[in-house]
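J.: Provided herewith is a single structure, encoded as structure tokens, for subsequent inquiry.
The values are calculated or read from the model by the stated rules, or taken from the named source; none is laboratory data. What you are looking at is a predicted structure, and each value in this text was computed from that prediction instead of being measured. Counting neighbours? That spans all protein chains shown, and the Cβs are built from the backbone with ideal geometry, glycine included.
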Amino acid sequence: MHEASPAALAALERGTTTAEAFAFFDALPAVGVDEVLGRWRGSGLPTGHPLDGVLEALGWHGKRFAGPLDAHPLICDDGRGGLVDVNPAFVPLPLLLRFPAVFRHPVVARPARAALPLLGTRRPRARLRSAACRGVVTATMTYDALPIDDAFRAVDDDTLLGLMEARGMRDPFFFVLRRATAAARTPL
């Protein structure tokens, strides 16, 4: 069994394999929907997945969960010091997966980031529910317009490990969420 601790996560964040990420994820406890409410700062967990570094290059900031039916899966920097809730239905996931190096390149990433406000939305684009992932029922975010589920496990009260599964994606994408305001665990 893998040690499930913040220190072990820090070691994985320097780079790991999908197998090691699975072992760590499987060792973590489930988390309830009410426990994930709030604002979260996100970062990818580098495993060699095609999306490693792509979301960060495109300005991904994190996620916001205001309630079970009010989830915002793709919060990005707007390029002007603010944040924008991006509608994930407009994100070309098949292209990101097929040509990740192109989207990591600053020549493409900069104008793509500048265009993000055009893809903005004020409406929630996902919902939270409890669902089984790898044999454990845990908080899971299901996107409204895409065949994507993000399952969450607790590293500690203010840190989650996410596992994103999408139809057509061979391996899951792992990511880390850290509570944006650690002291404030109340719903938005």
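J.: List the pairs whose first member sits in the range 80-97 and is farther than 14 Å from Leu146 by Cα, whose second member is crowded, with 19+ Cβ neighbours inside 10 Å, and whose Cβ atoms are under 6 Å apart, counting only residues at least 6 apart or on separate chains?
T.: Within 6 Å, the pairs are Leu83/His61; Leu83/Ile75; Val84/Cys76; Val84/Leu116; Asp85/His72; Asp85/Ile75; Leu96/Val54; Leu96/Phe103.
J.: In the range 106-123, is there at least one residue being out of contact with any Asp or Glu (no Cβ under 6 Å at 6 or more places or on another chain), exposed (fewer than 15 other Cβ atoms within 10 Å of the Cβ), touching a residue at least 40 places away in the same chain (Cβ under 8 Å) and closer than 25 Å to Glu13 by Cα?
T.: The answer is yes, given that some residue of the range 106-123 is out of contact with any Asp or Glu (no Cβ under 6 Å at 6 or more places or on another chain), exposed (fewer than 15 other Cβ atoms within 10 Å of the Cβ), touching a residue at least 40 places away in the same chain (Cβ under 8 Å) and closer than 25 Å to Glu13 by Cα.
J.: Okay, moving on. Just to be sure I understand, how many residues within the range 1-16 are over 22 Å from Asp171 (Cα atoms) and either of a type in the set (A, V, I, L, M) or buried (at least 19 other Cβ atoms within 10 Å of the Cβ) (or both)?
T.: 1
J.: I'd like to verify a number: residues in the range 85-101 that are at pLDDT 95 or above and β-branched (Val, Ile, Thr), how many?
T.: 1
J.: Another question, if that's okay. Could you please let me know if Gly81 is surrounded by fewer than 14 Cβ atoms within 10 Å (Cβ to Cβ) and not charged (D, E, K, R)?
T.: yes
J.: Tell me yes or no: at least one residue of the range 144-157 is of a type in the set (Phe, Trp, Tyr) and in contact with a strand residue (DSSP E or B) (Cβ under 7 Å, 6 or more places away or on another chain).
T.: Yes, the conditions are met somewhere in the range 144-157.
J.: Within the group Val155, Val137, which residue is at pLDDT 95 or above, of a type in the set (Val, Ile, Thr) and touching a Leu at 6+ places or on another chain (Cβ under 8 Å)? Break it down into steps so the answer makes sense when it comes.
T.: Values: Val137 fails: touching a Leu at 6+ places or on another chain (Cβ under 8 Å).
From the options Val155, Val137, the qualifying one is Val155.
J.: Report, ordered by the first and then the second residue, all pairs with beta carbons closer than 6 Å, sequence separation of six or more or different chains, a first member in the range 151-180 that is closer than 14 Å to Ala27 by Cα and buried (at least 17 other Cβ atoms within 10 Å of the Cβ), and a second member that is among the acidic types (Asp, Glu) and at pLDDT 95 or above.
T.: Gly162/Asp150
J.: Something else about it: Taking Gly15 as the residue in question, decide whether it is within 30 Å of Asn87 (Cβ to Cβ) and either in contact with a Leu (Cβ under 6 Å, 6 or more places away or on another chain) or not charged (D, E, K, R) (or both).
T.: Answer is no for this residue.
J.: Let me ask something else. Out of the range 17-45, which residues are buried (at least 18 other Cβ atoms within 10 Å of the Cβ) and in a loop (DSSP other than H, G, I, E, B)?
T.: Leu28, Val31, Leu37, Leu45
J.: For the subset of the range 158-174 comprising residues that are farther than 18 Å from Leu37 by Cβ and modelled with pLDDT of 95 or more, which member is farthest from the chain's Cα centre (by Cα)?
T.: Taking the range 158-174 and keeping what is farther than 18 Å from Leu37 by Cβ, we get 163-174.
Filter once more, so that each one left must be modelled with pLDDT of 95 or more: 163-166, 171-174.
Values: Leu163: 8, Met164: 7, Glu165: 11, Ala166: 12, Asp171: 15, Pro172: 11, Phe173: 8, Phe174: 8 Å.
Checked the range 158-174; the qualifying residue farthest from the chain's Cα centre (by Cα) is Asp171.
J.: Output the residues belonging to the range 46-72 that are over 22 Å from Gly168 (Cα atoms) and part of a helix (DSSP H, G or I).
T.: Ala57
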